[in-house]
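**Student:** Below you'll find the structure I mean.
The values are calculated or read from the model by the stated rules, or taken from the named source; none is laboratory data. Bear in mind the structure is a predicted one, so any value in this text is a computation, not a measurement. With ideal geometry, Cβ positions are generated from the backbone for all residues, glycine too; neighbour counts draw on all protein chains shown. Remember, those area values only see protein heavy atoms, side chains included, never the ligands or the DNA or RNA. Shrake-Rupley method; radii C 1.70, N 1.55, O 1.52, S 1.80 Å.
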Amino acid sequence: MTTVFPSSPEFTGPAYTPARFEGDVYDLVVEGEVPTAIKGTYYQVAPDPQYPPMLGQDIFFNGDGCIHAFTFADGHVDFKRRYVLTERLKAQREARRSLHGVYRNTYTNDPLVSGLSNSTANTNVIVHHGKLLALKEDSHPYALDPTTMETLGTYDFGGQLTSATFTAHPKIDPVTGDMLCFAYEAKGDATPDIVYYEIDKSGRKTKEVWIRGPYAAMIHDFAVTEHYVVFPLMPLTVDLDRIRKGGRHFEWQPGLDQTFGVLPRDGDAKDVRWFTAPNGFQGHTLNAFDDGHGRVYVDMPVASGNVFPFFPQADGYVPPPETIMSRLTRWTFDMNKAGNSLEASSLTDFICEFPRSDDRYMGRPYRHGFVAGLDPRRPYDFETLGPPSWAFMNFFAHVDLTTGKVKSWFADDKTSVQEPAFIPKSAGAAEGEGYLVALVNRLAERATDLLVFDAQHLDDGPIATVKLPVRLRMSLHGNWVPAV
Ligand code: V55
Ligand code: FE
């Protein structure tokens, strides 16, 4: 490779410099003690561009998906890192260069990849009916073998997927094991169509409801409860003309409401109700539940403005990052009331994102939340590190939603923390009783560690630091899969 990566923040520094390797490390070095109760694999995915961008610049969200697997057994942790061998990555490797233009704009790609899946498979990984699915919301999933991490190919659930796209944030119903999932822009670029699916634990589609949104917008995550699903349409809209002219897929709309579609799970398209709240940025879902009487509660960080500076508004404006603060919010939808308004209340008073709950309580009344937080009052080694890069966070927090008590752990002035995942102590353990794992970037050392906490005692600090001998690129989402 004779070209080099750009010197912009998207491709430089301890978190964002591409890592680009694949490999295995048997028995990672552990400081402290990994509890033997932790048995299974933590899968997690990073966008990691194989080649410098064809157009000379690119956004973080367009990197090729590379999966990390941390397998825990007997107090030891083994590591594997593999690219998803997507159609686009295979074509790039053959050409020995990037063939892809603007994020989610196939009109700007090299003709060599026309007709191929545009998926980078870089946003989330989840195991369902024995398949490791690598997800990107613009395309069908990729399936991999969970043990070997060999890519099997694009996956349409054996012909059952009728949409052009598929979410990166499916949920598993803890009672049935069904995958509750959806697609937006489900009939292709800029279509306002949304489809909701339920896929049972043997991989059979048991429900499919098509609805039409009021406009085409990003629906990055969604929320499920026992009786409802909620689709948050973010004020990031899509315009086919702009895309055809080679422009950005998404544009921030500062004057547009936050919109939510609420679908009863036993209902049909005619039963969807639309709710609106003032302009803001809906983040990832922590959890949601309903009271059995038509009141639906959805908990998520919500920011006052655009968290994605790479999707600016029409005049190019992006707010200064220090003015954008995501705060954990509870939305209440009352299906007994007419109208389109909903209530918002604050759950905590600090900046956070990447919320996770004990997945055994997905969609049900729950008590424990875990987040990555940003406390701007904490020390930061600006002299060594320069300005913090996008998605910089500096602490983990456990929020007890019953008592309102928060326990947190600040890393240090040279560490950025990533999304945590909750691991139950055992299948029958009480809610929140278990461990929290998360990657952290050691920014001064250009290193990456996996930390293990007692989930109920984050403030005691990690009980184990699992050290990687190589730096990983900044990553996104992951999920815990217990050993069988
Ligand atoms: C997100 C991430 C994406 C994407 C769309 O975090 C939304 C939100 C990593 O790619 O394509
Ligand atoms: Fe996400």
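**Student:** So for each of 214-220, 178-184 I average, over its residues, the number of other beta carbons within 10 Å; can you give me the resulting order with the highest mean first? Before the final figure, lay out the partial values.
**Tutor:** Working: 214-220: 19.6, 178-184: 24.0.
Per-residue Cβ counts within 10 Å, averaged per peptide and sorted highest first, yield 178-184, 214-220.
**Student:** Right, next: How about the stretch 394-471: which trypsin sites (Lys or Arg not before Pro) there are in a DSSP loop, with at most 13 other Cβ atoms within 10 Å of their Cβ? Could you put the intermediate results ahead of the total?
**Tutor:** Numbers: sites: LYS405, LYS407, LYS414, LYS425, ARG442, ARG446, LYS467, ARG471; in loops: LYS405, LYS414, LYS425, ARG446, ARG471.
Filter output for the stretch 394-471: LYS405, ARG446.
**Student:** For Cα pairs less than 8 Å apart in space and 6+ apart in sequence, what is the mean separation divided by the residue count of the chain, i.e. the relative contact order in percent?
**Tutor:** Details: 1275 pairs, mean separation 63.3, N = 484.
About 13 percent, as a whole number.
**Student:** Over the chain, average the accessible area per residue using a 1.4 Å probe and give it in Å², no decimals.
**Tutor:** Details: 18990 Å² over 484 residues.
The answer is 39 Å² per residue.
**Student:** Could you work out how far apart the two model spin labels at ASP200 and THR162 are, taking each label as a point 7 Å from the Cα in the direction of the beta carbon, and quote it in nm?
**Tutor:** If labels sit at ASP200 and THR162, their model points lie 1.9 nm apart.
**Student:** Right, next: What is the sum of charges around CYS352, taking Lys and Arg as +1, Asp and Glu as -1, for the other residues whose C-beta is under 15 Å from the C-beta of CYS352?
**Tutor:** Numbers: positive: ARG327, ARG330, ARG356, ARG377, ARG378, LYS407; negative: ASP221, ASP299, ASP349, GLU353, ASP375, ASP400, GLU419.
Local charge sum for CYS352: -1.
**Student:** Return one quarter of the surface area of the convex hull spanned by the alpha-carbon atoms of the stretch 180-295, equal to its mean projected area, in nm².
**Tutor:** Details: hull surface 32.4 nm².
For the stretch 180-295, the mean projected area of the Cα convex hull comes to 8.1 nm².
**Student:** Here's something else I'd like to know. Could you list, in their original order, any pairs among LYS136/LYS405; LYS171/LYS425; LYS187/LYS337; LYS136/LYS414; LYS90/LYS245; LYS131/LYS245 whose Cα atoms are separated by more than 29 Å?
**Tutor:** Working: LYS136/LYS405 35 Å; LYS171/LYS425 21 Å; LYS187/LYS337 32 Å; LYS136/LYS414 31 Å; LYS90/LYS245 27 Å; LYS131/LYS245 38 Å.
Going by Cα-Cα distance, LYS136/LYS405; LYS187/LYS337; LYS136/LYS414; LYS131/LYS245 fall outside the 29 Å limit.
**Student:** Once the piece of chain linking ARG93 and ARG367 is laid out straight, how much longer is it, given 0.36 nm per residue of separation minus the C-alpha distance between them?
**Tutor:** Working: separation 274, 0.36 × 274 = 98.64 nm, distance 4.70 nm.
That pair, ARG93 and ARG367, stretches by 93.9 nm at full extension.
**Student:** Let's test the formula: R0 of 45 Å, r as the Cβ-Cβ distance of GLU150 and GLU322. What FRET efficiency results, to the nearest 0.05?
**Tutor:** On the way: r = 44 Å, r/R0 = 0.97.
For GLU150 and GLU322, the calculated efficiency is 0.55.
**Student:** Grab the Cα-Cα distance for THR36 and ALA73, subtract it from 0.36 nm times how many residues apart they are, and report the gain in nm with one decimal. Let's see the in-between values first.
**Tutor:** Details: separation 37, 0.36 × 37 = 13.32 nm, distance 0.66 nm.
Gain on stretching THR36 to ALA73: 12.7 nm.
**Student:** Return a whole-number percent for the relative contact order of the stretch 404-484, with Cα pairs under 8 Å and 6 or more residues apart as the contact set. Intermediate values should be presented prior to the final figure.
**Tutor:** Working: 140 pairs, mean separation 21.8, N = 81.
After rounding, I find 27 percent.
**Student:** Right, another one. Is the stretch 118-214 rounded, prolate or oblate when judged by the Cα gyration tensor, a ≥ b ≥ c being the square roots of its eigenvalues, rounded requiring a/c under 1.5 and prolate requiring a/b larger than b/c? All intermediate terms of the calculation are to be shown ahead of the outcome.
**Tutor:** Details: a/c = 2.00, a/b = 1.26, b/c = 1.59.
Here the stretch 118-214 falls in the oblate category.
**Student:** Can you tell me the convex hull volume per residue for the stretch 34-162, based on C-alpha atoms, in Å³ to the nearest whole number?
**Tutor:** Working: hull volume 14.8 nm³, N = 129.
Dividing the Cα hull volume of the stretch 34-162 by its residues yields 115 Å³.
**Student:** If R₀ is 35 angstrom, what is the calculated FRET efficiency for the pair ARG20 and SER426, using the beta carbon separation as r and rounding to 0.05?
**Tutor:** Numbers: r = 38 Å, r/R0 = 1.09.
About 0.35, to the nearest 0.05.
**Student:** Further question on the same structure: Working out 0.36 nm times the residue gap between VAL4 and ASP334, then minus their Cα-Cα distance, what length gain in nm do you get to one decimal? Working shown, then result.
**Tutor:** Details: separation 330, 0.36 × 330 = 118.80 nm, distance 5.40 nm.
Extra length from VAL4 to ASP334 when fully extended: 113.4 nm.
**Student:** I've got another one for you. With all protein chains present, calculate the accessible area of VAL318 using a 1.4 Å probe and round the result to the nearest 10 Å².
**Tutor:** Here the accessible area works out near 50 Å².
**Student:** Be a star and scan the stretch 418-461 for residues whose amide nitrogen sits under 20 Å from the point 7 Å along the Cα-to-Cβ vector of GLU383.
**Tutor:** 443-446
**Student:** Packing-wise, with mean Cβ within 10 Å as the measure, how do 374-386, 114-126 rank, highest first? Don't jump to the answer; show the numbers that get you there.
**Tutor:** Numbers: 374-386: 12.7, 114-126: 21.9.
The packing order, highest mean first, is 114-126, 374-386.
**Student:** SER408 label point, 7 Å along Cα→Cβ, cut-off 20 Å on backbone N: hits in the stretch 449-474?
**Tutor:** Correct set: 451-463.
**Student:** Write down, largest first, the equivalent ellipsoid semi-axes of the stretch 360-484 in whole Å, where each equals the square root of 5 times an eigenvalue of the alpha-carbon gyration tensor. Mind showing how you got there, number by number?
**Tutor:** Details: eigenvalues 140, 59, 28 Å².
Equivalent-ellipsoid dimensions as semi-axes: 26, 17, 12 Å.
**Student:** What figure in square angstrom, to the nearest 10, would you give for the accessible area of ARG93 with a 1.4 Å probe?
**Tutor:** 80 Å²
**Student:** Go through ASP221, ASP110, ASP24 and list them by solvent-accessible area, largest first, probe radius 1.4 Å.
**Tutor:** On the way: ASP221 10, ASP110 30, ASP24 90 Å².
Ranked from most to least accessible, the order is ASP24, ASP110, ASP221.
**Student:** Per DSSP helix of 4 or more residues, -39500 (n - 2.57); summed, then divided by the residues of the chain. What does that give at 222 nm, rounded to the nearest 500? Working shown, then result.
**Tutor:** Working: 4 runs with 22 residues, N = 484.
Helix contribution divided over all residues of the chain: -1000 deg cm²/dmol.
**Student:** Now a separate question. Could you pull out every residue, at least 5 positions away or on a different chain, whose amide H is within less than 5 Å of the one on THR348? Hs are placed 1.01 Å off N in the peptide plane, and Pro or chain starts have none.
**Tutor:** LEU328
**Student:** P(r) tail for the chain, what percent of Cα pairs lie past 40 Å? Intermediate results must be reported in sequence, preceding the final value.
**Tutor:** Working: 15914 of 116886 pairs.
Value for the chain: 14 percent of Cα pairs lie more than 40 Å apart.
**Student:** Arrange the residues TYR297, TYR361, TYR366, TYR317 by how much accessible surface each exposes, largest first, with a 1.4 angstrom probe. Could you put the intermediate results ahead of the total?
**Tutor:** Working: TYR297 50, TYR361 70, TYR366 20, TYR317 115 Å².
Ranked list, largest accessible area first: TYR317, TYR361, TYR297, TYR366.
**Student:** Related question: How high is the FRET efficiency between HIS293 and TYR107 when r is their beta carbon distance and R₀ equals 45 Å, given to the nearest 0.05?
**Tutor:** According to the calculation, E is roughly 0.40.
**Student:** Ok, one more. Which value, in Å² and to the nearest 10, is the accessible area of PHE21 when all protein chains are kept and the probe is 1.4 Å?
**Tutor:** 60 Å²
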